[in-house]
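What follows is a single structure, written as structure tokens, with notes after it.
The values are calculated or read from the model by the stated rules, or taken from the named source; none is laboratory data. This structure is a prediction, so every number in the text was calculated from the model and none was measured. Don't worry about glycine lacking a Cβ; one is built from the backbone with ideal geometry, like all the others, and counts go over all protein chains shown. We work out accessible area using only protein heavy atoms, side chains counted, and drop any ligands, DNA or RNA first. Shrake-Rupley method; radii C 1.70, N 1.55, O 1.52, S 1.80 Å.
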Amino acid sequence: GTRFSCLAFRARAAEPLGRSDLVAKAVPELLAIAEATGPAAGFDEQTLYSMKVQALTLAGRRVEAVAVARRGIDAASAPGQLSLRRWREIELARALAWFGEAPECVEVLGRLLRVPCEVAVPGLRADPSWDRVREDPAFQALLADPKNGAPPKP
């Protein structure tokens, strides 16, 4: 888990600096770790899911990353899994942002801003995860909408 986190962090930090060589170097190991790691390694279901989505995203495998993210959301649809579902929706939004899919990303974030979860306007303003959609007019409107700065209703 630590190796995966370090590699993913390095790849995400290297990409905006134009260091696609570092991203490319990290991707095979990220994919290998994500594929080889299972529940027997002591990771919870959410961590395993997140590793898979992140690895596919950093590998540039958009269709697969989004499909895994959506399957994860669907799998967490039971009433007692609301928190897990929200985390998976955040992971989907991050993947969509990485691929520059602003309309879909903004749609997911808009829903998340209306419910209790970890997404909030100050975080969207500061977190580099959203850099690829940050200048999109719909993303800017999401940040400027006063309703999105209000505490979410349970």
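Against the numbered list (1) open to solvent by 60 Å² or more (accessible area, probe 1.4 Å); (2) at pLDDT 95 or above, LYS153 comes up short only at (2).
Results for (1) in contact with a helix residue (DSSP H, G or I) (Cβ under 9 Å, 6 or more places away or on another chain); (2) modelled with pLDDT of 85 or more; (3) more than 19 Å from GLY100 (Cα to Cα); (4) not aromatic (Phe, Trp, Tyr), shown as yes or no for each residue.
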{"position": "ARG12", "(1), (2), (3), (4)": "yes, yes, no, yes"}
{"position": "LEU22", "(1), (2), (3), (4)": "yes, yes, yes, yes"}
{"position": "LEU48", "(1), (2), (3), (4)": "yes, no, yes, yes"}
{"position": "GLY60", "(1), (2), (3), (4)": "yes, yes, no, yes"}
{"position": "VAL66", "(1), (2), (3), (4)": "yes, yes, no, yes"}
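For segment 58-79, the condition holds for at least one residue, the condition being that it is in contact (Cβ under 8 Å) with a residue 40 or more places away in the chain and over 28 Å from LYS147 (Cα atoms). Counting the residues of segment 100-135 that are open to solvent by 50 Å² or more (accessible area, probe 1.4 Å) and out of contact with any Phe, Trp or Tyr (no Cβ under 7 Å at 6 or more places or on another chain) gives 14.
Can ALA75 be described as under 20 Å from ASP127 (Cβ atoms), in contact with a Lys or Arg (Cβ under 9 Å, 6 or more places away or on another chain) and of a type outside the set (D, E, K, R)? No. Can we say VAL106 is among the β-branched types (Val, Ile, Thr), within 13 Å of the chain's Cα centre (by Cα) and assigned to a helix (DSSP H, G or I)? When the stated conditions are applied, VAL106 passes them.
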